[in-house]
Amino acid sequence: MRNTLPAAAAILLSLGVPGSAHRLDEYLQATIISVEKDHVQAFMRLIPGVAVTAIVIPSIDTNGDGIISDTERQSYAQRVLGDLSLSIDGHPLKLRLGPVGGTGIGEMKEGLGEIRIEFTADLPRGNGSGRRLIFENHHQSRIAAYLVNCLVPRNKAIQVTAQNRNEDQSYYQLDYVQAGSRSDPRASLGAIALLFSAGLVLLLRLRARSGVLPRMTANELLEDKSKC
C-alpha cells in the first residue's frame with residue numbers, strides 16, 4: 001500500500017494536469033484516500049504554481065535560508081494536518097502523520113516542486129454495515145485548488161457505494177458498505193462503475209480548468225481498476 005498511494009496520486013494529477021499545466025496562481029492539493037477495515041490511509045501532493053510560491057515557500061522555509069530542512073518539512077506537514085478534518089459516521093478521527101517528502105525550493109520556484117504527505121487514522125468499530133467517511137481540506141483555501149479521490153478497497157468485504165464532493169472539492173464524502181452486510185455480489189461491479197463515472201466527471205472538470213486533454217483514454221482507465 002505504501003507504493004500504491006503515491007502512484008495513484010501521481011496518476012490522479014497526470015490524468016488532467018500533466019507537467020505544470022495547472023494554473024500558475026493556484027496551490028494544487030491532490031489527496032488519495034484508501035479505506036481499510038480498521039483504518040484510513042491517505043496520501044497528499046501539494047504543488048504550488050509559480051505565482052503563489054511567494055506565499056507558500058515562506059510558510060515552509062520558516063528561517064528563510066533558502067533550504068527546506070527535514071524539520072521544516074515535518075513542521076509544515078503538521079500544520080497542513082491541522083487544516084484537515086476526517087470523520088466516520090459523524091465521529092471525528094485523529095490524524096497521524098506518516099512519511100513526509102518533497103523537492104527543494106529551486107524546483108518550487110520553477111513550478112515543478114511539491115510536498116508529499118502521508119497520514120493515517122484508526123477507525124472505530126461501526127454499528128452497522130453502512131459507513132460514511134467525510135474528509136475536509138481548508139489548507140491555504142484562498143489560493144488552493146483541491147482534488148480528492150479514493151482507491152478501490154483491497155478488502156473485498158468493503159464496497160464503496162457513493163462519492164460526493166462540493167464544487168471546489170474541499171469537502172469529500174465517501175459512503176461504503178463493510179463486512180457483515182448481506183450485499184448482492186454484483187454490488188462490487190456496481191461500485192466500480194459508479195467510481196469510474198465519478199472519475200470521468202473529475203477528468204471533465206480538470207479539462208475545463210487546465211485546457212489540456214487527459215493522457216489516458218476511457219478504455220485505458222477501465223483496464224486499470226486500481227483507481228476509482
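Okay, residues lined up against (1) open to solvent by less than 60 Å² (accessible area, probe 1.4 Å); (2) under 17 Å from Tyr146 (Cβ atoms); (3) in a helix (DSSP H, G or I):
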site	(1), (2), (3)
Phe43	yes, yes, no
Val56	yes, yes, yes
Asp65	no, no, no
Gln74	no, no, yes
Arg79	no, yes, yes
State yes or no: is Val100 under 30 Å from Val152 (Cα atoms) and either open to solvent by 10 Å² or more (accessible area, probe 1.4 Å) or of a type in the set (Phe, Trp, Tyr) (or both)? yes
Picking from Gln169, Gln173, Gln159, the residue that is at positive phi and in contact (Cβ under 8 Å) with a residue 12 or more places away in the chain would be Gln169
Before we move on, is Asp70 over 30 Å from Val177 (Cβ atoms) and of a type in the set (D, E, K, R)? yes
For Gly19, the lone unmet condition from (1) open to solvent by 30 Å² or more (accessible area, probe 1.4 Å); (2) modelled with pLDDT under 95; (3) closer than 30 Å to Gln159 by Cβ is (3)
Could you list, in sequence order, the residues of the stretch 103-140 that are more than 21 Å from Pro92 (Cα to Cα) and part of a loop (DSSP other than H, G, I, E, B)? Thr103, Gly104, Glu110, Gly111, Leu112, Gly113, Glu114, Gln140
Just checking, does the stretch 26-36 include any residue being under 17 Å from Phe135 (Cα atoms), of a type outside the set (Gly, Ala, Ser), at pLDDT below 95 and not in a strand (DSSP E or B)? yes
Is it fair to say Ser226 is assigned to a loop (DSSP other than H, G, I, E, B) and modelled with pLDDT of 95 or more? no
Has the stretch 191-204 got any residue that is in a loop (DSSP other than H, G, I, E, B), exposed (fewer than 13 other Cβ atoms within 10 Å of the Cβ) and at pLDDT below 95? no
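The values are calculated or read from the model by the stated rules, or taken from the named source; none is laboratory data. Please read all numbers here as calculations on a predicted model, not as lab measurements. All Cβ positions, glycine included, derive from the backbone under ideal geometry; neighbour counts span all protein chains shown. The protein model used for the area step is the full one, side chains on, heavy atoms only, and it has no ligands, DNA or RNA in it. Shrake-Rupley method; radii C 1.70, N 1.55, O 1.52, S 1.80 Å.
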